[in-house]
Number of protein chains: 2
Amino acid sequence: MKAEIISIGEELLIGQTINSNSAFISSLLNNLGISVRQVTTIADDEEEILRTLTESTGRSALIMLTGGLGPTRDDVTKNALCRFFDCTLKTDEAVLSDIITFFEKRGIEINELNRQQALVPECAKVIRNPNGTAPGLQFEKEGIAYFAMPGVPFEMKAMMQDSILALVKTLSPDANPIVHKTILTQGIGESFLASLIVEWENQLPDFIQLAYLPSPGIVRLRLTGRGKNESLILEAINKEIEKLKIIIPEYIWGYDNETLEGLLGKYLKEKGETLCTAESCTGGYIAHRITSVSGSSRWFKGAVVAYSNEIKHDLLNIEKTMLEQHGAVSQQTVEAMAANAREKIEADWCIAISGIAGPTGGTPEKPVGTVWIAVAGKDTLKSRKFMFGDNRERNIIRSAVAAMAMLANFLQ
Amino acid sequence: MKAEIISIGEELLIGQTINSNSAFISSLLNNLGISVRQVTTIADDEEEILRTLTESTGRSALIMLTGGLGPTRDDVTKNALCRFFDCTLKTDEAVLSDIITFFEKRGIEINELNRQQALVPECAKVIRNPNGTAPGLQFEKEGIAYFAMPGVPFEMKAMMQDSILALVKTLSPDANPIVHKTILTQGIGESFLASLIVEWENQLPDFIQLAYLPSPGIVRLRLTGRGKNESLILEAINKEIEKLKIIIPEYIWGYDNETLEGLLGKYLKEKGETLCTAESCTGGYIAHRITSVSGSSRWFKGAVVAYSNEIKHDLLNIEKTMLEQHGAVSQQTVEAMAANAREKIEADWCIAISGIAGPTGGTPEKPVGTVWIAVAGKDTLKSRKFMFGDNRERNIIRSAVAAMAMLANFLQ
């Protein structure tokens, strides 16, 4: 079964908001063996919505819409749906009671706009929304299924997972499975990776496709297999991955949706060890990535973000003579940061990082993008210099990726 | 002039990558008065690319494509473009020399895949790419302009800003300007904001549209004006904003692309004052947001991420009796964190935060989402309790937004 997504919202077309909803929906549909053929993003405009609904209907059997169901005047999706399905709006008592409860819980009095959220197209089946006031809507016409969801990502995600996925499953009970497996690499650029593995790529069976997905510091290799028998496809893919592991063992660090922060958490939890960070140019970004993992207080003790030389001295006991002689961005300083923070915070491991994120602050000897990273453990102290580019945001991300990968190597 | 964007890449359709390119392109085109009518995302498939090119050509006068120009086998955009414009690939010597220089600079030897990147459709004008190996391509057919760019965001952004924008400008020298102005609010939900300002909304002139854009902790109000005279439209929009400021002064904190971290930096730089953070549940996220601003080392001294009670005690001098009596998530602890970190790091201001981000760790007295925030200054110490929801990621973002807004209030 082919699906399409229609994302509705002027904010997406003027570039004010990035469309993250469609990626989320696609990924869940894909897991069910339903491939998304197209995502179409259009404005909150009844005519555009009608045109796009008509076009998609000719191409695909499942149409998912998001956006424009909100309480404010710029939201016109319900009107367009009424016109497309030729029906009118009526108040749904169950939805109204949901809305009243939603605000009662929060100790807030309901207003007229909230009340209007209970108006739904009478030809739609209502999908309850426990996280907001706009209900989801399900339609069916000439064998094609339509789902309309609110555009607020938090509400859409919960509705998709809690209600709509199960409904979609019943529409496509025996879809041909699509199996994805992604190999995560680090430390090598896309084209060099491609030359290293060209012979392996050439011998892949016809039903397995390879795609390269580069992002700052990380290249993902995605293998996609299609066929009738899911376990046979998966087996074939795993066989190919085993071959690849022999060719590029030093660059592979994980699979699928694994993250470096998740992997570090897994290793540390298994070993019963703890971690801290001492960060300069990454400004707390590594600590943020590590603490974005639920349960991280079990293995993460904390961080010192030493954005000034005084903090490096006062909180991390870096001697002033060292900072004067070698500078803050140096092997000596970053190693001392790692060792001292590890002792001070009483953690088993410490990642320290000092560099010039840019775009200003570079010198001829230490240009923007120069980053020193150190990892300290009980009997370990290792450091390495990296030369990244001149984009601040990318340098921060690449530094964090390289630092987490360095620690992962020790913990593996 | 109407434009469309065609985003090409299987990774976008299986939900592995979020399409951030189209938002970037839309926003730049919008600034030129060119509105983007539709974004279409399709797979790396020659037939789909041809179909979409044909459809878009019937609707819009400017078509921007991204993706599928890379060096690996899954990249087929150049082939599709050759078929659409009926021409063949040939090696471009200038591009080849760019590619050779690109790798020489990095001390890496060029391989055959890199060399193939110099193959371009002979009917295209080449747009140089200083940040990568895939050049951009410009086409023209029956009065419609086409630009194809690489999908790697970093390369696409530089190419768009440095080359393509100027070319697009010449195509549409006297486009009717579109004027956007966005008001940034914080501390109130969408529907309540809407009821507060309903009368103001009703009296807006016809040529000004209002849209609500909610995100965690922040609701943006976007005013869009269209017409012949840009300065008159801007004047009218500013007049409406002045009226709005009288109705909801306490909720407005900024405009357009301003960020709370940027605003804090501006205020602190003006006053010559410095900031530090003492973070528990946000895990370094506030420090990361603040240091994402270039030049932030001038006003940000650093942070202590105290993810364990020991660090709260050892680095921030929080007495153990206080932690035992009141708990880590309490008014007493968060105020002590702010005051002590401010002294220890010798900053003028400190933001401290302690809470339960979830999804685990809550108790009946302190459920997930309970967050205490304190701001300490020379003669100030203020704290406030917030009750957010049960989503970890959202709680971290909302906590950071609320904390930065609290400090911004003091600095204003």
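The values are calculated or read from the model by the stated rules, or taken from the named source; none is laboratory data. The structure displayed is predicted, hence computed values, not measured ones. Because the Cβ atoms are built from the backbone with ideal geometry, glycine has one as well, and the counts that use them run over all protein chains shown.
What the table below lists for this structure:
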| item | result |
| --- | --- |
| Total residues in the range B:270-309, condition among the hydroxyl-bearing types (Ser, Thr, Tyr) and part of a loop (DSSP other than H, G, I, E, B) | 7 |
| Yes/no for residue B:80 being buried (at least 18 other Cβ atoms within 10 Å of the Cβ), in the same structural domain as residue B:139 (by TED's automatic domain parsing) and more than 32 Å from the chain's Cα centre (by Cα) | no |
| Hits in the range B:311-339 (condition: of a type in the set (Asp, Glu), closer than 22 Å to residue B:369 by Cα and out of contact with any strand residue (DSSP E or B) (no Cβ under 8 Å at 6 or more places or on another chain)) | B:324 |
| Selection from the range A:162-196 of residues that are touching a strand residue (DSSP E or B) at 6+ places or on another chain (Cβ under 6 Å) and within 17 Å of residue A:60 (Cα to Cα) | A:171 |
| Inter-residue pairs, beta-carbon under 8 Å, first under 15 Å from residue B:49 (Cβ atoms) and in the range B:83-96, second of a type outside the set (Gly, Ala, Ser) and outside any helix (DSSP H, G or I), 6+ apart | B:85/B:121; B:85/B:123; B:85/B:139; B:85/B:141; B:86/B:123 |
| Tally of residues being modelled with pLDDT of 90 or more and over 17 Å from residue A:14 (Cα atoms) across the range B:166-183 | 2 |
| Listing of helices (runs of 4 or more DSSP H) fully contained in the range A:175-257 that carry 2 or more residues being in contact with a Pro (Cβ under 9 Å, 6 or more places away or on another chain), surrounded by 15 or more Cβ atoms within 10 Å (Cβ to Cβ) and within 13 Å of chain B (Cβ to nearest Cβ) | A:190-196 |
| Residue check, residue A:207 free of Cβ contacts under 8 Å to residues at least 12 places away in the same chain and of a type in the set (Phe, Trp, Tyr) | no |
| Any hit, the range A:389-402, residues being more than 13 Å from chain B (Cβ to nearest Cβ) and buried (at least 19 other Cβ atoms within 10 Å of the Cβ) | yes |
| Tabulated pairs, the range B:2-26, first facing chain A (nearest Cβ under 7 Å), second in a helix (DSSP H, G or I) and of a type in the set (Asp, Glu), C-beta under 6 angstrom, 6+ apart or interchain | B:17/B:11 |
| Subset tally (residues that are free of Cβ contacts under 8 Å to residues at least 60 places away in the same chain and crowded, with 16+ Cβ neighbours inside 10 Å) for the range A:363-378 | 10 |
| Test set (1) surrounded by 20 or more Cβ atoms within 10 Å (Cβ to Cβ); (2) without any contact (Cβ under 8 Å) to a residue 40 or more places away in the chain; (3) not basic (Lys, Arg) - residue A:343 fails condition number | (1) |
| Residue that is farthest from the other protein chains (Cβ to nearest Cβ) [pool: residues in the range A:298-310 that are crowded, with 18+ Cβ neighbours inside 10 Å and under 27 Å from residue B:368 (Cβ atoms)] | A:299 |
| Residue in the range A:84-95 that is more than 24 Å from residue B:46 (Cβ to Cβ), within 14 Å of chain B (Cβ to nearest Cβ) and surrounded by fewer than 22 Cβ atoms within 10 Å (Cβ to Cβ) present | no |
| Condition check for residue A:103: assigned by TED's automatic domain parsing to the domain that holds residue A:56, out of contact with any Phe, Trp or Tyr (no Cβ under 8 Å at 6 or more places or on another chain) and modelled with pLDDT of 95 or more | no |
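Quick grid of which residues meet (1) at pLDDT 95 or above; (2) farther than 27 Å from residue B:46 by Cβ; (3) small (Gly, Ala, Ser); (4) crowded, with 22+ Cβ neighbours inside 10 Å:
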site: A:25; (1), (2), (3), (4): yes, no, no, yes
site: A:29; (1), (2), (3), (4): no, no, no, yes
site: A:33; (1), (2), (3), (4): no, no, yes, no
site: A:41; (1), (2), (3), (4): yes, no, no, yes
site: A:47; (1), (2), (3), (4): yes, yes, no, no
site: A:51; (1), (2), (3), (4): yes, no, no, no
site: A:66; (1), (2), (3), (4): yes, yes, no, yes
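Condition check ((1) touching a residue at least 60 places away in the same chain (Cβ under 8 Å); (2) crowded, with 18+ Cβ neighbours inside 10 Å) across all residues:
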residue	(1), (2)
B:107	no, no
B:114	no, yes
B:122	no, no
B:126	no, no
B:130	no, no
B:147	yes, yes
B:150	yes, yes
B:157	yes, yes
